[in-house]
Amino acid sequence: MTIEFLYGRALYSADRPRGAREQRPEGVEQQAMVLRRTVRAAAVIALWEYEWCRRVRATGAVLEPLRDRVDGSVNGFVVQYRDLDTGRLMAPVTDCDLAPDLRLHELRRGWSADPRTITDAEVEWRRPPGAPLPAGRDGLVLTAPVMWSRALADIGRFAGAVQRYPAGDVAAWRWAAGRIAGVLAVWAQRAEFGTVGPVTLAADALARLTAAPGSRCRPAHRAPRSDLSITGLILGHLDHEDPGSDFVVQGQLIALAIAVGKVHRDRGEHTTAQALIDEVVAPLTQARQDLSSKARPLDPGDGTSR
């Protein structure tokens, strides 16, 4: 199987009715929420700025740079949501108006940067609108079972690392929460694309409740072996339904969200801890159950039973 440039296209919504808790992003705030989901999901997958630009544009959104008036460098961006049914572009939103953790200077804290990738980013920003280009990693040839296996291993490495962070290491846990919110945004793109549902709301809430300036900086003193970019890449590109693997991955992400809430409770931040349970863990748990109930039952005779 070749990893297709699936990111930004729905895996489920083409053949299922919209859930009771999902709705099209009609209002300004809902459209802004979809844009935040799009930007966060692309950011957790991307290793470099140019790759992030391509992944945002792959969803159909319009992304344009904002430049410094003195030296002409890119210091922000404008993004527009495109309605999938009508093709109509909604009002443009700047990075400063999206969310504090989605300002370009904050996003850049999470990407590798060297002279080559900086040049690649400038080239990408200058590229005229058109069909989105795939990122280099989108041409890998892997079987679906291998991809699911890599996603599960990646989450396991991440969980093993962050669970060793002491509750008092606020910066490390903020970074971890931001990475989890990014992968939740990918889950939302996969399951709720074109709509706003509980996974979208949960990803947005986790980022809102835990982000702070500098929280995208990877912990240097306890650098984990995983930052969930592999998990995001696979969830965002794998056009293969495996209800069992999906269910396990979703359960791991919920467990990570629970761990974030526990850390806040251990620090005495009970209001935030309860908000994480109510606005993140509870809706994710319900969404996981809903998606599981809609999955095709395994036929013992079709060779897919375990």
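Things worth noting here:
- Difference of contour (0.36 nm per residue) and Cα-Cα distance, ALA282 to HIS105: 60.5 nm
- Taking the average, over residues, of other Cβ atoms within 10 Å as the packing measure, peptides 142-155, 42-55, 275-288 rank 42-55, 275-288, 142-155 from highest down.
- The calculated FRET efficiency for the pair ASP83 and LYS262, based on their C-beta separation and a Förster distance of 45 Å, comes to about 0.70.
- Linear extension gain, ALA153 paired with GLU29, 0.36 nm per residue minus alpha-carbon span: 41.1 nm
- Amide hydrogen neighbours beyond the local backbone of VAL196, cut-off 5 Å, H modeled: GLN23, ARG24
- Annotation: per residue accessible area for the stretch 158-199 equals 23 Å², rounded to a whole number [probe 1.4 Å, protein chains only].
- Label zone (ASN75, point 7 Å along Cα-to-C-beta; backbone nitrogen cut-off 17 Å) within the stretch 101-128: 103-109.
The values are calculated or read from the model by the stated rules, or taken from the named source; none is laboratory data. Everything numeric in this text was worked out from a predicted model, so none of it was measured. Methodologically, a virtual Cβ is constructed for each residue, glycine included, from the backbone with ideal geometry; neighbour enumeration extends over all protein chains shown. Side chains included, ligands, DNA and RNA excluded: accessible areas come from the protein's heavy atoms. Shrake-Rupley method; radii C 1.70, N 1.55, O 1.52, S 1.80 Å.
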